[in-house]
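Student: Got a structure here, written out as structure tokens. Questions coming.
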Amino acid sequence: MEKIEKVLASGNTHVAINRDPNAKPDALDLKLSAHGVETLEFVATDLHPRAEQLFSGAWAGCYFTVFGMVAAAKKVALPADFSVDIQTSIGSVGARYCLAAQVTVRVPGLATEVAEELAALAHQNCPYSKAVHGNIEVVTNIVTA
């Protein structure tokens, strides 16, 4: 597995439950951000994101769901403000290109050991995490405060 020497671009995705009673069903709402750019919010609109953002979005959505499933299986109640952020970066190693990712799981109030166990189980079961395992550098951060 190669580690990025120089980051060329990154895509960030934040996933949380939308509790807005006026949210449109079957609509896609995304907030995307990139280094040096303010957060862009796309609400029920056609998107033209970069590949890193699309991958981050798909992975974050899947990982968020799987994390909830493994928490339920372990009978762990997740906080209402549980969220997952994934930043996928494309970079270079010499003349070659590779990807790296940073996964941040926010579970305020949950014990760190419990959150770490759930995160590991989610990575073992999430199809995106399994696809990149051993192929790209993935750093997982757990925030319980």
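The values are calculated or read from the model by the stated rules, or taken from the named source; none is laboratory data. All of these numbers come straight from a predicted model, not from anything done at the bench. Reconstructed Cβ throughout: ideal geometry from the backbone, glycine too, with neighbour counts over all protein chains shown.
Student: Which of the residues spanning the range 111-122 are buried (at least 21 other Cβ atoms within 10 Å of the Cβ) and touching a helix residue (DSSP H, G or I) at 6+ places or on another chain (Cβ under 8 Å)?
Tutor: Here is the first cut: in the range 111-122, the ones buried (at least 21 other Cβ atoms within 10 Å of the Cβ) are 115, 118-119, 122.
Result: LEU118, ALA119, ALA122.
Student: From the residues in the range 42-57 that are within 23 Å of SER129 (Cβ to Cβ) and not in a helix (DSSP H, G or I), which one is modelled with the highest pLDDT?
Tutor: ARG50
Student: Only one of these is in a helix (DSSP H, G or I) and within 16 Å of ALA16 (Cβ to Cβ): VAL66, VAL105, VAL70. Name it.
Tutor: Answer to the check: VAL66.
Student: May I ask you to list the residues in the range 87-127 that are hydroxyl-bearing (Ser, Thr, Tyr), in contact with an Asp or Glu (Cβ under 8 Å, 6 or more places away or on another chain), at pLDDT 95 or above and farther than 18 Å from TRP59 by Cβ?
Tutor: Selection gives nothing.
Student: Only residues that are buried (at least 18 other Cβ atoms within 10 Å of the Cβ) and either within 20 Å of ALA145 (Cβ to Cβ) or of a type in the set (A, V, I, L, M, F, W, C) (or both): list them for the range 58-77, please.
Tutor: Hits for the range 58-77 are TRP59, ALA60, CYS62, PHE64, VAL66, PHE67, VAL70, ALA71.
Student: For the range 110-145, give me each residue that is without any contact (Cβ under 8 Å) to a residue 40 or more places away in the chain, within 29 Å of VAL7 (Cα to Cα) and of a type in the set (Asp, Glu).
Tutor: GLU116
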